[in-house]
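*Asks:* One structure coming up, written as structure tokens, with questions to follow.
The values are calculated or read from the model by the stated rules, or taken from the named source; none is laboratory data. Bear in mind the structure is a predicted one, so any value in this text is a computation, not a measurement. Neighbour counts run over all protein chains shown; Cβ positions are idealised from the backbone, glycine included. Calculation scope for accessible area: heavy atoms of the full protein, side chains included, ligands and nucleic acids excluded. Shrake-Rupley method; radii C 1.70, N 1.55, O 1.52, S 1.80 Å.
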Amino acid sequence: ADRLFRLNRRARQRARRLIEMFASLRMITDALPDAAVIVDPSGAIESFNGAAEEMLRLRRSDRGGNLAALLRQPEFAALARGRPADGIVEFISPFDDERRLEARRIPIIGGHALLLVRDVTQLNRLLTMRQDFVANVSHELRTPLTVVVGYLETMAAEDLDPPTLRELLRKLEPPT
């Protein structure tokens, strides 16, 4: 009887530790700014965090439902099923055409998967601004460089007299 009591007490202690670990994990995932959804091998929702409620509009009643069917987004549905091979897709939010989302699939034990979804709208805007800036700077530099190259080609001519050469050099000096 004493042995049975000790075994029962250890089992309760292990269960308590598991519950505490699960609560800690839940607290950590709820603190994430990214949506986190755990799906089973068939794509059914097992668990999700608060960000998934906001970003993917998931509700408690969606647990057990098929994530791909709920969102109806082809790229995301393929990812939830394990394709593409690299495990990352970017798509327009099914709830807001202005928002771009990036989803990543991370395989976990027993065919289950963790799907992380983040809003990349601002990042995409910044990348576009950077590309536009580089294109504008490149264009703006090309015009004066063309003029400088023209002067240099003229100066390279062998039959250029010294007064003309001095005049061209003066034009290439920076303004004071």
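*Asks:* Going through the stretch 39-49 one residue at a time, which ones are assigned to a loop (DSSP other than H, G, I, E, B) and open to solvent by 30 Å² or more (accessible area, probe 1.4 Å)?
*Replies:* 40, 41, 42
*Asks:* Would you confirm whether any residue within the stretch 38-61 is more than 23 Å from residue 127 (Cβ to Cβ), β-branched (Val, Ile, Thr) and without any contact (Cβ under 8 Å) to a residue 40 or more places away in the chain?
*Replies:* Yes; the residues of the stretch 38-61 include at least one that is more than 23 Å from residue 127 (Cβ to Cβ), β-branched (Val, Ile, Thr) and without any contact (Cβ under 8 Å) to a residue 40 or more places away in the chain.
*Asks:* When you scan the stretch 61-74, do you find a residue that is part of a helix (DSSP H, G or I), of a type outside the set (Ser, Thr, Tyr) and over 22 Å from residue 29 (Cβ atoms), even just one?
*Replies:* Yes, the stretch 61-74 has at least one match.
*Asks:* I'm trying to understand the selection: among the residues of the stretch 1-28, which are open to solvent by 100 Å² or more (accessible area, probe 1.4 Å), among the small types (Gly, Ala, Ser) and within 20 Å of residue 48 (Cβ to Cβ)?
*Replies:* Once the filter is applied, which keeps residues that are open to solvent by 100 Å² or more (accessible area, probe 1.4 Å), among the small types (Gly, Ala, Ser) and within 20 Å of residue 48 (Cβ to Cβ), the stretch 1-28 yields nothing.
*Asks:* With the requirement that a residue be assigned to a loop (DSSP other than H, G, I, E, B) and either open to solvent by 60 Å² or more (accessible area, probe 1.4 Å) or touching a strand residue (DSSP E or B) at 6+ places or on another chain (Cβ under 7 Å) (or both), what does the stretch 142-176 give you?
*Replies:* Residues satisfying the conditions are 156, 158, 159, 161, 173, 174, 175, 176.
*Asks:* Can you find, within the stretch 125-141, the residue that is nearest to residue 167 (Cα to Cα) among those that are of a type in the set (Val, Ile, Thr) and open to solvent by less than 80 Å² (accessible area, probe 1.4 Å)?
*Replies:* 137
*Asks:* Scan (1) under 30 Å from residue 64 (Cα atoms); (2) in contact with a helix residue (DSSP H, G or I) (Cβ under 9 Å, 6 or more places away or on another chain); (3) surrounded by 11 or more Cβ atoms within 10 Å (Cβ to Cβ) for the single condition residue 114 breaks and write down its number.
*Replies:* Just one mismatch for residue 114, condition (2).
*Asks:* Further question: Out of the stretch 91-105, which residues are closer than 15 Å to residue 67 by Cβ and either open to solvent by 60 Å² or more (accessible area, probe 1.4 Å) or touching a helix residue (DSSP H, G or I) at 6+ places or on another chain (Cβ under 6 Å) (or both)?
*Replies:* Across the stretch 91-105, the qualifying residues are 91, 94, 95, 103, 104, 105.
*Asks:* Taking the options 77, 36, 52, name whichever one is modelled with pLDDT of 90 or more, surrounded by 18 or more Cβ atoms within 10 Å (Cβ to Cβ) and in a helix (DSSP H, G or I).
*Replies:* Among 77, 36, 52, only 52 is modelled with pLDDT of 90 or more, surrounded by 18 or more Cβ atoms within 10 Å (Cβ to Cβ) and in a helix (DSSP H, G or I).
*Asks:* How many residues does the stretch 96-124 hold that are over 24 Å from residue 42 (Cβ atoms) and assigned to a loop (DSSP other than H, G, I, E, B)?
*Replies:* The total comes to 5.
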